[in-house]
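Inspection log for the structure reproduced underneath, given as structure tokens.
The values are calculated or read from the model by the stated rules, or taken from the named source; none is laboratory data. Quick caveat, the model's predicted, so the values are computed rather than measured. Cβ atoms come from the backbone with ideal geometry, glycine included; neighbour counts cover every protein chain shown. Just so you know, the surface numbers come from the protein's heavy atoms only, side chains and all, with ligands and any DNA or RNA stripped out. Shrake-Rupley method; radii C 1.70, N 1.55, O 1.52, S 1.80 Å.
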Amino acid sequence: MFLVRRVLAVLIVGYFALMFSQAPEFAQQYRERLAGAVDELTTAIQIFDEQANHAGLDRQTALNIYASSNESSLHQQVDAMRRSVARYQLLSDQLEDLAAASSVLRPLVIARQPDDRIFSDAWRGFMPSFPVSLAGVIWCGAGLLIGIFGAASVSALFGAVARLRREALSRASPHIKGRALQ
């Protein structure tokens, strides 16, 4: 049982160290996708603004005119543009927060309020890397500590189960003891 606990402990510690060491790389890949989404939204908003300016309007005035139109397609464009502007602002703010954060803290910035679409796309396309940066080493260390705690917890649980089993056997009748030992 001791060998099983030791092997399990090593596997748990290794797993957490490996998983946590990938956090900075995932943050980098998320950041790249985030920047791409901000660029695309910027282009769409700039095109709308240019069209409004060509008509002598600013964005808000053009949106108000479209919204008051009887054309349902213009209402849909207004809704889509307002969602795009709101999403642009949210993603731009997060991109600024990521740029301002150290590479060690970027995974925490993302964890605070990830964009579901970008997060799932980054996760689907995630390519692990060998952590050679300071941030990767720090996150690997954090994973080691969490893994050690997890392994100690599992080991304590196995120890408690084994101790309870031994106590139950010692309280059992001699007839059961003899059969259990066979």
(message) Let's see if you can work this out: charge +1 on each Lys and Arg Cβ, -1 on each Asp and Glu Cβ, no other charges. What is the dipole magnitude of the range 1-102 about its Cα centre, in debye to the nearest 20?
(response) 720
(request) Would you rank Val132, Val154, Val137 by solvent-accessible area, highest first, keeping every protein chain in place and using a 1.4 Å probe? (result) Val132, Val137, Val154
(message) Need the C-alpha centroid separation for the range 133-159 versus the range 2-65, integer Å.
(response) 27
(message) Using Cα-Cα distances under 8 Å and only pairs 6 or more residues apart, what relative contact order does the chain have, in percent?
(response) 46
(request) Evaluate 2.2 N^0.38 Å with N set to the residue count of the chain, then give the Cα radius of gyration divided by it. (result) 1.78
(request) Could you calculate the FRET efficiency of Leu3 with Phe149 from 1/(1 + (r/R0)^6), where r is the beta carbon distance between them and R0 is 30 Å, rounded to 0.05? (result) 0.90
(request) Using a 10 angstrom cutoff on alpha carbons, build the Gaussian network for the chain and name the most mobile of Ala67, Ala101, Ala27. (result) Ala67
(request) Could you order Arg6, Arg31 so the one with the most accessible surface comes first? Probe is 1.4 Å. (result) Arg6, Arg31
(request) Provide the per-residue ³J(HN,Hα) series for the range 27-41, in order, calculated from phi with Karplus coefficients 6.51, -1.76, 1.60 and θ = phi - 60°, each as a whole number of Hz, with x at glycine and proline positions. (result) 4, 5, 5, 5, 4, 5, 5, 4, 4, x, 5, 5, 4, 5, 5
(request) Relative to the longest principal axis of the C-alpha atoms of the chain, give the angle of the C-alpha long axis of helix 2-21, reported between 0 and 90° and rounded to the nearest 10°. (result) 10
(message) When a/c reaches 1.5 or more, the comparison of a/b and b/c decides; with that in mind, is the range 1-61 rounded, prolate or oblate per its Cα gyration tensor?
(response) prolate
(request) Any chance you could give the angle, 0 to 90 degrees and rounded to 10, that helix 72-100 forms with the longest Cα principal axis of the chain? (result) 50
(message) Please list, by residue number, every one of the GluC sites (Glu not before Pro) in the range 16-71 that is coil in DSSP and has at most 15 other beta-carbon atoms within 10 Å.
(response) Glu71
(request) Report ³J(HN,Hα) in whole Hz for each residue of the range 111-126, in order, from the Karplus equation J = 6.51 cos²θ - 1.76 cosθ + 1.60 where θ = phi - 60°; Gly and Pro get x. (result) 5, 4, 7, x, 7, 4, 5, 5, 4, 5, 5, 5, 5, 4, x, 4
(message) Test of understanding: extend the Cα→C-beta vector of Ala160 to 7 Å, then name every residue of the range 1-26 with backbone N under 12 Å from that spot.
(response) none
(request) Give the residue from Ala9, Ser69, Ile110 lying farthest towards the positive end of the charge dipole for the range 1-160; charges sit on Cβ (+1 for Lys and Arg, -1 for Asp and Glu) and the dipole is referred to the Cα centre. (result) Ala9
(request) Starting from the residue with the highest accessible area, list Val7, Val78 in decreasing order, probe 1.4 Å. (result) Val7, Val78
(request) Work out the length of the dipole vector of the range 83-182 about its Cα centre, built from +1 on the beta-carbon of each Lys and Arg and -1 on the beta-carbon of each Asp and Glu, and round it to the nearest 20 debye. (result) 920
